[in-house]
Amino acid sequence: MIQVYAHTHALGTTKRADRIDPAWLRPESGVSVWVDLMNPSPEEGRILTDVFHFHELAVEDALGTTHFPKVESYGQYLYLILHRIDFKAPEHCFRTYDVDFFLGPNYVVTIHSGDSRSIEQISEICSRNSLALGEGAAALMHRIIDAMVDNYRPEIEELGERLDELEGEVFEHSTPLLAKKILDFKADVSSLRRVVQPQRDVVGRLARREFSFIDEQVSYRFRDVHDHLVRLADESMFFQDRITSLLDAHLTTVSNQLNTVMKVLTVIATVFMPLTFITGLYGMNVDLPHFGLGGTRMFWMLMALMMGVVLAMLGYFHKRGWI
């Protein structure tokens, strides 16, 4: 029989198991089972069909690539897809990963890629406390989902700190390159919203006792998890509004900076237009009238005239509020 990572609970005792006895999966067996598969190989994946007899479509989804959160009933068991979050602020890397659940009357199967902090935490609790699995499969699944949602909080705070830094950059030293950072953050927030909102709906269905595997006491616990997800969904929408406003502010700031540069260049060009005309006129290689002042006196007269024109134009621009 294929080796697996599992916990079993029977007669008040929780033990580690490296195999699954199909007799344990019967509701009347008195045994609660938790099987965890991390990056399952094709051989390990056969446990889902050969031992648990899960539907091939559900198994295909569980072993496949990323899917959106959902919950489906297959009569004798439930199939759920939820997401764990992983945000690495130094690398500005935001990712979510599937965690698939199969919930039966007395068993729960979890499937995930890579290490999961939530599942590791609950596994340690099961090893120390028999009550964790002794409460039943649905209660154990609640513990795992609750830990997943709790682990969202520090990641959301990291996103908030990163957004505060972006706001400071926009209003202190906004540059055109900052737009890429803002758009990257906007993509992260969009990914968060795409996961949190449907996940909120999935947990909401568990809290409303739509499925017979969820009793009243466990539904109350899922209601608390649902409230946390509602707050996370609200925060993700708030982040979306903030980052949209921040992008607008950044574009406005860059536009104002460009307008300021263009205004200065326009003033310079306008000031030099009459000077160019005067020097061009009197710089031609022809004999021009000096009005009886002579060459030297006429030169200084032209210099005074040009300075007067510059000062008059600058005074006019200032009066109109252009500079």
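Output the residues belonging to segment 129-140 that are assigned to a helix (DSSP H, G or I) and open to solvent by 50 Å² or more (accessible area, probe 1.4 Å). Walk me through how you get there before you give the answer.
Step one: of segment 129-140, the residues assigned to a helix (DSSP H, G or I) are 131-134, 137-140.
Answer for segment 129-140, where residues must be assigned to a helix (DSSP H, G or I) and open to solvent by 50 Å² or more (accessible area, probe 1.4 Å): just Leu131.
Just wondering, is there one or more residues in segment 17-30 that are at pLDDT below 90, buried (at least 19 other Cβ atoms within 10 Å of the Cβ) and basic (Lys, Arg)?
Within segment 17-30, none of the residues are at pLDDT below 90, buried (at least 19 other Cβ atoms within 10 Å of the Cβ) and basic (Lys, Arg).
Do you know which of the residues in segment 154-185 that are charged (D, E, K, R) and open to solvent by less than 60 Å² (accessible area, probe 1.4 Å) is farthest from His250 (Cα to Cα)? First the steps, then the outcome.
At the first step, the residues of segment 154-185 found to be charged (D, E, K, R) are 155, 157-158, 161-162, 164-165, 167, 169, 172, 180-181, 184.
If we keep only those that are open to solvent by less than 60 Å² (accessible area, probe 1.4 Å) too, we end up with 155, 162, 167, 169.
Working: Glu155: 25, Arg162: 16, Glu167: 9, Glu169: 9 Å.
So, considering only residues that are charged (D, E, K, R) and open to solvent by less than 60 Å² (accessible area, probe 1.4 Å), the one farthest from His250 (Cα to Cα) is Glu155.
Could you check segment 201-220 and list, in sequence order, the residues that are open to solvent by less than 60 Å² (accessible area, probe 1.4 Å) and not polar (S, T, N, Q)? Reasoning before the result, please.
Initially, segment 201-220 is screened for residues open to solvent by less than 60 Å² (accessible area, probe 1.4 Å), giving 202-204, 206-207, 211, 213-214, 218-219.
Val202, Val203, Gly204, Leu206, Ala207, Phe211, Phe213, Ile214, Val218, listed by residue number.
What number of residues within segment 76-128 satisfy the criterion of being in a strand (DSSP E or B), at pLDDT below 90 and among the charged types (D, E, K, R)?
So the first thing to find is which residues in segment 76-128 are in a strand (DSSP E or B), and the list is 78-88, 93-103, 107-112.
With the extra rule that they be at pLDDT below 90, the set shrinks to 83-88, 93-98, 112.
Subsequent filtering for residues that are among the charged types (D, E, K, R) retains 84, 86, 88, 95, 98.
Here the count works out to 5.
Does Ile268 satisfy the condition of being of a type in the set (Val, Ile, Thr) and open to solvent by 80 Å² or more (accessible area, probe 1.4 Å)? Even if it seems obvious, please write down each step before you answer.
Working: of a type in the set (Val, Ile, Thr): yes; open to solvent by 80 Å² or more (accessible area, probe 1.4 Å): yes.
Yes, satisfied.
List every residue pair whose Cβ atoms sit under 8 Å apart, with the two residues 6 or more apart in sequence or on different chains, where the first one lies in segment 242-263 and is farther than 15 Å from Ala179 by Cα and the second, anywhere, is of a type in the set (A, V, I, L, M, F, W, C) and open to solvent by 80 Å² or more (accessible area, probe 1.4 Å).
Lys263/Trp322; Lys263/Ile323
If Ala10 satisfies every condition in (1) under 20 Å from Met141 (Cα atoms); (2) open to solvent by 60 Å² or more (accessible area, probe 1.4 Å); (3) at pLDDT below 85 but one, which is the exception?
(2)
Restricting the search to segment 25-39, which residues are within 13 Å of Ala132 (Cβ to Cβ) and small (Gly, Ala, Ser)?
Passing the criteria: only Ser32.
Given the structure, is Arg194 surrounded by fewer than 16 Cβ atoms within 10 Å (Cβ to Cβ) and either over 30 Å from Ser73 (Cβ atoms) or touching a residue at least 60 places away in the same chain (Cβ under 8 Å) (or both)? Steps first, answer last, please.
Values: surrounded by fewer than 16 Cβ atoms within 10 Å (Cβ to Cβ): yes; either over 30 Å from Ser73 (Cβ atoms) or touching a residue at least 60 places away in the same chain (Cβ under 8 Å) (or both): yes.
Against the criterion (surrounded by fewer than 16 Cβ atoms within 10 Å (Cβ to Cβ) and either over 30 Å from Ser73 (Cβ atoms) or touching a residue at least 60 places away in the same chain (Cβ under 8 Å) (or both)), Arg194 qualifies.
The values are calculated or read from the model by the stated rules, or taken from the named source; none is laboratory data. Quick caveat, the model's predicted, so the values are computed rather than measured. Glycine also receives a Cβ, built like all others from the backbone with ideal geometry; neighbour counts cover every protein chain displayed. These area figures cover heavy atoms from the full protein model, side chains too; ligands, DNA and RNA do not enter into them. Shrake-Rupley method; radii C 1.70, N 1.55, O 1.52, S 1.80 Å.
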